[in-house]
Amino acid sequence: MKKATIHGQVPFLEIEFNPLHPCRPNPIITFASLWAQGVRYTPSFGDRHSLLLLKRSIPKKVSFQRAYTGWRASGAREANELGEGRAFLRWLQRHELSIDWKERDFNPHPYFSQTNSPMHDAHDEMAKGLSFAVRPVRVEGRNIKLYVQDDDMVSLLNMPYGKEEDFLELVMRYVAQRFEWESWRAPATPFLEWVVSHGMRPVFLSGQLGFHPK
């Protein structure tokens, strides 16, 4: 077997993006291409496993290049069966490794690089562990901040069909519905389920959604 080698970093995939137009930012993350054993690979982990890989943090850390080329050198045998992202994550788990991520290793979708991208307050306990920040809305005279779990936001960003609706308009309609459910003392349907049940698919305008993996 050839020894795993790295011959330099390849530029990221360029994604066309116009901040003036509605957007559905996916893939959420792209990764730098790497050379391993004389072959250039462009990792494609999928949004869910990309987030899990970025969040994985245990004491034993190695560089992205070392981890990925090591996985490829081991044969990457589960990639066809499980998908690249899940197979790579399993390999890290078996070897009790996490990745010491550097800025050069990955790029969020350019939608998330805008200066008006919302962020979670550093002292907001409700936002702990959440990668996405939603711009607060005002509904019935009340300022509301909606929190969406990572898996649900990935589903919202990748919905394959539905009537396209402005994301924050959906948020405001959902919050108004929550107020009504509360007045009835009725259980509240989660935001993702509510969107799906109404046959809608969100599109995002500038400054509506921030991405800050942690």
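The values are calculated or read from the model by the stated rules, or taken from the named source; none is laboratory data. Computed from a predicted model, the values in this text were never measured in an experiment. Cβ sites come from the backbone with ideal geometry, for glycine too, and all protein chains shown count toward neighbours. Each accessible area value is taken on the protein alone, full model and side chains, heavy atoms only, with ligands, DNA and RNA left out. Shrake-Rupley method; radii C 1.70, N 1.55, O 1.52, S 1.80 Å.
Tabulated data for the structure shown
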| item | result |
| --- | --- |
| Selection within segment 196-210 - under 19 Å from the mean Cα position of the chain (by Cα) and either open to solvent by less than 30 Å² (accessible area, probe 1.4 Å) or small (G, A, S) (or both) | P202, V203, F204, S206, G207, Q208, L209, G210 |
| Tally of residues being over 15 Å from the mean Cα position of the chain (by Cα) and surrounded by fewer than 12 Cβ atoms within 10 Å (Cβ to Cβ) across segment 115-135 | 8 |
| Where F112 falls short, out of the listed (1) in contact (Cβ under 8 Å) with a residue 24 or more places away in the chain; (2) open to solvent by less than 90 Å² (accessible area, probe 1.4 Å); (3) not in a helix (DSSP H, G or I) | (3) |
| Among residues of segment 97-132, those that are touching a Lys or Arg at 6+ places or on another chain (Cβ under 6 Å) and of a type in the set (D, E), counted | 1 |
| Which listed residue is surrounded by 12 or more Cβ atoms within 10 Å (Cβ to Cβ) and not in a loop (DSSP other than H, G, I, E, B), from R178, R138 | R178 |
| Subset tally (residues that are at pLDDT below 95 and open to solvent by less than 30 Å² (accessible area, probe 1.4 Å)) for segment 35-51 | 1 |
| Residue check for P213: surrounded by 15 or more Cβ atoms within 10 Å (Cβ to Cβ), within 22 Å of the chain's Cα centre (by Cα) and assigned to a loop (DSSP other than H, G, I, E, B) | yes |
| Selection count where residues are out of contact with any helix residue (DSSP H, G or I) (no Cβ under 8 Å at 6 or more places or on another chain) and either basic (K, R) or in a loop (DSSP other than H, G, I, E, B) (or both), scope segment 187-200 | 2 |
| Residues within segment 53-105 that are closer than 14 Å to F31 by Cα, open to solvent by 40 Å² or more (accessible area, probe 1.4 Å) and of a type outside the set (D, E, K, R), tallied | 3 |
| Single residue of R90, R135 found to be touching a Lys or Arg at 6+ places or on another chain (Cβ under 9 Å) and either of a type in the set (A, V, I, L, M) or at pLDDT 95 or above (or both) | R135 |
| All helices (runs of 4 or more DSSP H) inside segment 27-93 with 1 or more residues being within 22 Å of E103 (Cα to Cα) | 47-55, 64-73 |
| Segment 141-169: number of residues that are of a type in the set (V, I, T) and open to solvent by less than 30 Å² (accessible area, probe 1.4 Å) | 2 |
| Residue within segment 99-108 that is aliphatic (A, V, I, L, M), in contact with a helix residue (DSSP H, G or I) (Cβ under 6 Å, 6 or more places away or on another chain) and without any contact (Cβ under 8 Å) to a residue 12 or more places away in the chain present | no |
